[in-house]
Amino acid sequence: MTTAANNDGRSVSETYEEGLRYFMGSGNVNQTLKSLASDLKSHNIDYLVIGAVALLAHGYHRFSEDIDLVMTPEGLEKFHRELIGLGYAPAFPQARKRLHATEQGVSIDVMLAGEFPGDGKPKPVTVPDPKTAAVEIEGVRFVTLEKLIELKLASGMTAPDRLKDLADVQELIKVRALPDEFAERLDPYVRAKFLELCETIKRPRD
């Protein structure tokens, strides 16, 4: 009898066990994040954690097997100069923004401040500078809730393959009990979509 496996070669049971460790704060991603945050701080490289790991930090428990970071172009260059070979490596030859932590094998994907989320085309919402949109939680610099929601909405609104980003915002609205008034803290570009999601949550099911 064969055991079902995921794309990374792990069995379903192994993935499930890793998921449990992740939500308890002791999984491979958690350990890598702590080491990564310490290394970035010691090398004076500004960063933000975004993506599913940031969702967890802000209260929505969604499993992730990788870490999404924001850096400035200068910070990414410094990372390559000072940290590649010291526990980190490019995901493939010549890769700049696709990295991995060699000890735990966790992937690290980097977005650059100023890039556009979703379809990558110019829009009012951009990936924020790490210096202006960070909140520190247990020693790690995460993107603020407002900016996380802006990025998720802008991504889901413009990229047909990123509809899960809108679902992520729905879940954040639920778990954080965010009121309609929260829209005023967001960029006008995404406010209508935020209010639409709020209304969808309130609408009774048939």
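Six or more apart or on different chains, Cβ atoms under 7 Å: show the pairs whose first residue is in segment 14-34 and at pLDDT 75 or above and whose second is assigned to a helix (DSSP H, G or I) and of a type in the set (Ser, Thr, Tyr). Between residues of segment 14-34 that are at pLDDT 75 or above and residues that are assigned to a helix (DSSP H, G or I) and of a type in the set (Ser, Thr, Tyr), the close pairs are 29/22; 30/22.
Just name the residue that is surrounded by the fewest Cβ atoms within 10 Å (Cβ to Cβ) out of those in segment 114-137 that are assigned to a loop (DSSP other than H, G, I, E, B) and of a type in the set (Val, Ile, Thr). Spell out the reasoning first.
Taking segment 114-137 first, the residues assigned to a loop (DSSP other than H, G, I, E, B) are 114-133.
Among the residues that remain, those that are also of a type in the set (Val, Ile, Thr) are: 125-127, 132.
Numbers: 125: 22, 126: 17, 127: 22, 132: 11.
Filtering segment 114-137 for residues that are assigned to a loop (DSSP other than H, G, I, E, B) and of a type in the set (Val, Ile, Thr), the one surrounded by the fewest Cβ atoms within 10 Å (Cβ to Cβ) comes out as 132.
Just to verify a result, which residue in segment 161-173, among those that are farther than 24 Å from residue 47 by Cβ and without any contact (Cβ under 8 Å) to a residue 24 or more places away in the chain, is surrounded by the fewest Cβ atoms within 10 Å (Cβ to Cβ)? Before you say what the answer is, go through the steps one by one.
Taking segment 161-173 and keeping what is farther than 24 Å from residue 47 by Cβ, we get 161, 163, 166-167, 170-171, 173.
Next cut, without any contact (Cβ under 8 Å) to a residue 24 or more places away in the chain only: 161, 163, 167.
On the way: 161: 10, 163: 12, 167: 13.
Taking the candidates together, the pick is 161.
Of the residues making up segment 138-160, those that are closer than 20 Å to residue 38 by Cα, modelled with pLDDT of 95 or more and surrounded by fewer than 18 Cβ atoms within 10 Å (Cβ to Cβ) number 1.
If I ask for residues that are over 20 Å from the mean Cα position of the chain (by Cα) and surrounded by 17 or more Cβ atoms within 10 Å (Cβ to Cβ), which ones from segment 43-88 would you list?
So the first thing to find is which residues in segment 43-88 are over 20 Å from the mean Cα position of the chain (by Cα), and the list is 43-44, 74, 77-78, 80-87.
78, 83, listed by residue number.
Within segment 90-122, restricting attention to residues that are over 20 Å from the mean Cα position of the chain (by Cα) and not polar (S, T, N, Q), the residue that is farthest from residue 32 (Cα to Cα) is 122. Scanning segment 177-192 finds no residues that are under 18 Å from the mean Cα position of the chain (by Cα) and either surrounded by fewer than 18 Cβ atoms within 10 Å (Cβ to Cβ) or of a type in the set (Asp, Glu) (or both). Restricting the first member to segment 120-136 and to residues that are over 10 Å from residue 48 (Cα atoms), and the second to residues that are of a type in the set (S, T, N, Q) and surrounded by fewer than 20 Cβ atoms within 10 Å (Cβ to Cβ), the beta-carbon pairs closer than 9 Å and six or more apart or on different chains are 120/158; 121/158; 123/158.
Within the group 133, 95, 159, 154, which residue is of a type in the set (A, V, I, L, M, F, W, C) and out of contact with any helix residue (DSSP H, G or I) (no Cβ under 9 Å at 6 or more places or on another chain)? Give the derivation first.
Details: 133 fails: out of contact with any helix residue (DSSP H, G or I) (no Cβ under 9 Å at 6 or more places or on another chain); 159 fails: out of contact with any helix residue (DSSP H, G or I) (no Cβ under 9 Å at 6 or more places or on another chain); 154 fails: out of contact with any helix residue (DSSP H, G or I) (no Cβ under 9 Å at 6 or more places or on another chain).
Of the residues listed, the single one that is of a type in the set (A, V, I, L, M, F, W, C) and out of contact with any helix residue (DSSP H, G or I) (no Cβ under 9 Å at 6 or more places or on another chain) is 95.
The values are calculated or read from the model by the stated rules, or taken from the named source; none is laboratory data. Not measured: the values here are computed from a predicted model. Heads up, the Cβs are rebuilt from the backbone with ideal geometry, glycines too, and the neighbour counts pull from every protein chain shown.
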